[in-house]
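Below is one structure, written out as structure tokens; comments come after it.
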Amino acid sequence: MKVVTNNLKFNQKLNEMREYAKLNHVPIINDDGLSILKTIIALYKPKNILEIGTAIGYSASIMSMTSDSTVYTIERDEVMYNEAKKNISDLNLDGKVNIIFDDALNSFDKLSDKKFDMIFIDAAKAQYTKFFELYTPLLNKGGIVVCDNMYFHNLVNSDLESLSKNVRNMVKKLQMFHEFLLNNENYETSIFDIGDGISISISK
Ligand SMILES: C[S@@+](CC[C@H](N)C(=O)[O-])C[C@H]1O[C@@H](n2cnc3c(N)ncnc32)[C@H](O)[C@@H]1O
């Protein structure tokens, strides 16, 4: 009975979070992306997960609730950070989900004493290569890196000339990240046409 009650409460809270995201235009992972993320976690059973890009704590909460993992997640936007803190506390996940309020490019020292089995990158698309290079030294051997929005609403396959300068630069950087991943001999990478494009890189 307790489990049912807890599940009901959890699902209600997730609905609330989805509603908040929709109303406030917060880009959270979509259902297909979430489904593959949960499958990866069920298969790999990571003990420690690092997420870059918390937003309101939606994916972090689900990753924590569907596994025994401790999640560390980094968010640089204060409004998002406060909203995530509240949501994680409402779900009684304090300690299981730990939010770091900072730019991920400046917060390596706060995590450098930790090791991770999985890193989930879901933040500024133009910085994916930097996030990957900065945080993969903390990945255990055999660990995995999962990235969301690899197709960026399919813009990675579009005619770049038709895009505004800012979007074009971002898409170019994401295309370079695809190349970087696929040519990285230390990782076995696949990019899946699921959700908004999900990559999985397994460290060799
Ligand atoms: C796509 S949303 C994350 C969604 C979340 N993972 C989910 O599915 O519930 C991206 C978030 O990353 C944050 N972000 C972007 N660049 C960042 C950086 N360099 N450091 C920390 N957070 C960053 C943004 O403020 C935004 O809230």
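The values are calculated or read from the model by the stated rules, or taken from the named source; none is laboratory data. The model shown is predicted, which means the values in this text are computed figures rather than measured ones. Cβ sites come from the backbone with ideal geometry, for glycine too, and all protein chains shown count toward neighbours.
In this structure, A60 does not qualify as in a loop (DSSP other than H, G, I, E, B), within 12 Å of the chain's Cα centre (by Cα), at pLDDT 95 or above and within 9 Å of the ligand (Cβ to nearest atom). With respect to (1) assigned to a helix (DSSP H, G or I); (2) surrounded by 17 or more Cβ atoms within 10 Å (Cβ to Cβ); (3) of a type in the set (G, A, S), the lone exception for A123 is condition (1). Can you find even one residue in region 87-97 that is within 12 Å of G53 (Cα to Cα) and buried (at least 16 other Cβ atoms within 10 Å of the Cβ)? Checking region 87-97: not a single residue is within 12 Å of G53 (Cα to Cα) and buried (at least 16 other Cβ atoms within 10 Å of the Cβ).
G195 meets all of the listed conditions (1) part of a helix (DSSP H, G or I); (2) within 16 Å of the chain's Cα centre (by Cα) but one, namely (1). Annotation: Y135 fulfils all but one of (1) under 28 Å from L14 (Cα atoms); (2) of a type outside the set (A, V, I, L, M, F, W, C); (3) within 16 Å of the ligand (Cβ to nearest atom); the unmet one is (1). When residues in region 1-49 are screened for being within 12 Å of the ligand (Cβ to nearest atom), surrounded by 15 or more Cβ atoms within 10 Å (Cβ to Cβ) and not in a helix (DSSP H, G or I), 4 of them pass.
With respect to D77, determine if the residue is surrounded by fewer than 21 Cβ atoms within 10 Å (Cβ to Cβ) and modelled with pLDDT under 95. It would help to see each step written out before you state the result.
Values: surrounded by fewer than 21 Cβ atoms within 10 Å (Cβ to Cβ): yes; modelled with pLDDT under 95: no.
So D77 does not fit the description; no.
Return the residue satisfying two criteria in turn: it lies in region 136-159 and is farther than 26 Å from D32 by Cα and part of a helix (DSSP H, G or I), and of such residues it is farthest from the chain's Cα centre (by Cα).
Within region 136-159, the subset farther than 26 Å from D32 by Cα is 137-138, 140-141.
With part of a helix (DSSP H, G or I) added as a condition, the list becomes 137-138.
Working: P137: 17, L138: 16 Å.
Looking at the filtered set, the residue picked out is P137.
Could you tell me whether any residue of region 88-100 is in a helix (DSSP H, G or I), touching a strand residue (DSSP E or B) at 6+ places or on another chain (Cβ under 7 Å), within 12 Å of the ligand (Cβ to nearest atom) and modelled with pLDDT of 95 or more? So far as region 88-100 goes, yes, one or more of its residues are in a helix (DSSP H, G or I), touching a strand residue (DSSP E or B) at 6+ places or on another chain (Cβ under 7 Å), within 12 Å of the ligand (Cβ to nearest atom) and modelled with pLDDT of 95 or more.
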